[in-house]
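Right, one structure below, let's go through it.
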Amino acid sequence: MLDKILATKKQEVEKLILPDQADVTFYSLKKALTAEKEKVQVIAEVKKASPSKGIIRSPFYPVEIAQSYKAGGAAALSVLTDVSYFQGHRDYLTAIKREVGLPVLRKDFIIEDVQIQESKRMGADAILLIAAALDPKKLFELYQSAEEQGMEVLVEFHSKQELENVLRVFDPAIIGINNRDLNTFETSLSVTEHLRNEIPSHSVVVSESGIHTQEDLTVVQQAGARAVLVGESLVKQADVEKALRHLKGE
Ligand SMILES: O=P(O)(O)OC[C@@H](O)[C@@H](O)c1c[nH]c2ccccc12
């Protein structure tokens, strides 16, 4: 599946037209994730659909969802901007960034520098780079480019091999452990437990995908995650603010 998505992205990138620069204020993702020592922070994801689940929420009002997440105590937001597979849009991110005062991560498949420029213009505070989608050298180039343009980066891993290959080249400040295999879509929280020990202790660790309950959150917190990235289990609930409070055990 990942290969198919990346092939589509490659075609889209060739036709990409950059938007105008959005006039927004930068918020640090890293700061938001490390603000409270004891508590695990939640990055709440605004996602309409996914290749594995189809439509998750309909009707879909991205700004309203984001505002409810903020009211429910989200530390940051993740916004899907991929059109073809997740029914996202870059305008959703810009609208959310304008209306909601939280750090916003652009969730997409970034493979070329022009998409980093695009992310900046959209108003993203941070971008996702997926180790499974990039060779380590290219990943580092894109990482540096994002930092030069004033954005932070969440670098996502699913296997020990991916981690080893990247850590040989550089040391990402924020590391995402994706519990979902992007080829089979299967999720297992043991991925976080398994990879945590391979990560330098100064990195901020975010456990991503497949987190449904407060118990799940505790499992990954005990495995060393400072934050979780949660989409489906929140966005499918009518009252996402309540769902988020519930997840946090409030
Ligand atoms: O909906 P979930 O299972 O809570 O997962 C959220 C997020 O981790 C997932 O959307 C995701 C993780 N890595 C990605 C890469 C691309 C697209 C999407 C993703």
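Structure values in brief
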read-out: Length released on extending from Phe170 to Ala7, taking residue separation times 0.36 nm less the Cα-Cα span; value: 56.0 nm
read-out: Normalised alpha carbon radius of gyration of the chain [divisor 2.2 N^0.38 Å]; value: 0.92
read-out: Contact order normalised by residue count of the chain, Cα under 8 Å, 6+ apart, percent; value: 21
read-out: Estimated inter-spin distance, Asp113 and Glu186, nm [label 7 Å along Cα→Cβ]; value: 4.0
read-out: Chain lengthening between Lys137 and Arg245 when straightened (0.36 nm per residue, less Cα-Cα); value: 34.9 nm
read-out: About the Cα centre, charge dipole magnitude for the chain (Lys/Arg +1, Asp/Glu -1 at Cβ), debye; value: 400
read-out: Dipole-positive endmost among Pro59, Ile111, Thr94 within the chain (Cβ charges, Cα centre); value: Pro59
read-out: Rg to Rh quotient for the stretch 61-180, alpha carbon positions, Kirkwood Rh; value: 0.97
read-out: Approximate spin-label separation Gln161-His89, in nm, with each point projected 7 Å along Cα-to-Cβ; value: 3.9
read-out: When the stretch 116-201 is reduced to its Cα atoms, the Kirkwood hydrodynamic radius in Å; value: 13.4
read-out: Rounded accessible area per residue of the chain, 1.4 Å, Å²; value: 45
read-out: Peptide ranges 33-42, 177-186, 18-27 listed from the most packed, as the mean C-beta count within 10 angstrom indicates; value: 177-186, 33-42, 18-27
read-out: Within the chain, percent of DSSP bridges classed antiparallel, to nearest 5; value: 10
read-out: Protein accessible area in the chain, 1.4 Å probe - carbon and sulfur %; value: 46
read-out: Ranked by how many other beta carbons lie within 10 Å on average, peptides 80-86, 230-236 from highest; value: 230-236, 80-86
read-out: Hits among aspartates and glutamates - C-alpha to C-alpha of Lys242 under 13 Å, sequence gap 8 or more where chains match; value: Glu250
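The values are calculated or read from the model by the stated rules, or taken from the named source; none is laboratory data. Only a predicted model underlies this, so the values are computations on that prediction, with no experimental measurement involved. Counting neighbours? That spans all protein chains shown, and the Cβs are built from the backbone with ideal geometry, glycine included. We work out accessible area using only protein heavy atoms, side chains counted, and drop any ligands, DNA or RNA first. Shrake-Rupley method; radii C 1.70, N 1.55, O 1.52, S 1.80 Å.
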